[in-house]
Amino acid sequence: MIRILLADDQPLFREGLMALLALEDDFEIVGEAEHGEKAITLAEHLQPDVVLMDVRMPLCNGVEATRQICERCPWIHILVLTTFDEDEYVFQCLEVGALGYLLKSTPAKQVAIAIRNVQQGYSHLGPTIGPKVFSALKSPQQISHSINQTSLSQREADILRLLGQGHSNREIANLLHLTEGTVRNNMTNVFSKLDVNDRTQAALWAYENLLGFSQI
């Protein structure tokens, strides 16, 4: 059962979303927050698997709430679900730890898929959000190295490719016949060579450079 906390300042939207998610047998809504401060408090108290986070909320916005939840409880995964697709919000949310970013216009079934992906630690970007991120990755200010420029070893490239496909460390270890410790050590080297801070940024690099352009 995936335990979900809803953080959105619109009661009618929360009510409708709860009704839709209730149709999924593996979902349980454990709490609601109408602003970011309450989202932080409830996340620490209820320990949900996934927080569906709006961006614009009173008292504390979704970016700051995401940052604090990720810092205090890094095992809780954040999926942003909002009306706003401005680049500033997208990159700020991903930079502070959100694993996914969807618009509220996303069909309910796609939201359900995203929740399951994020709960497993995989990144999930909406079809209009992915191109923004990939475009930024191509800019001089972002990660733009070729595979040769990174000096990745073959093993590191294989691990990065599987990370980009959404596999966990355990799955990567099984597929490559390695220990999880070896995968983690290589992942640390990959982060350093790509000059990224986390799995999400590394996965985005892999989508662009190893897997080809695709929307998640």
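Rule-based calculations on the coordinates, nothing more; no lab input. Keep in mind that this is a model prediction, so the values were computed, not measured. Note: ideal-geometry Cβ built from the backbone for every residue, glycine included; neighbour counts use all protein chains shown.
Amide H to amide H distances under 5 Å link residue 124 with 100, 101, where only residues 5 or more positions off or on other chains count and H is placed in the peptide plane.
Compactness check for the range 2-135: Cα Rg over 2.2 N^0.38 Å is 0.92. Using only alpha-carbon positions in the range 4-46, the gyration tensor eigenvalues give semi-axes of 18, 14, 4 Å once each is multiplied by 5 and square-rooted (largest first). Fewest neighbouring Cβ atoms within 10 Å first, the residues 168, 105, 153 line up as 105, 153, 168.
With K and R counted +1 and D and E -1, the other residues having a Cβ less than 15 Å from that of residue 12 yield a net charge of -4. Computed from phi, the 3J(HN,Hα) profile of the range 15-28 under the Karplus parametrisation 6.51, -1.76, 1.60 (θ = phi - 60°) reads 4, x, 5, 4, 5, 5, 5, 5, 6, 8, 5, 9, 10, 9 Hz, with x in place of Gly and Pro.
Each of 73, 93 was scored by other Cβ atoms within 10 Å of its Cβ. Listed from fewest to most, they are 73, 93.
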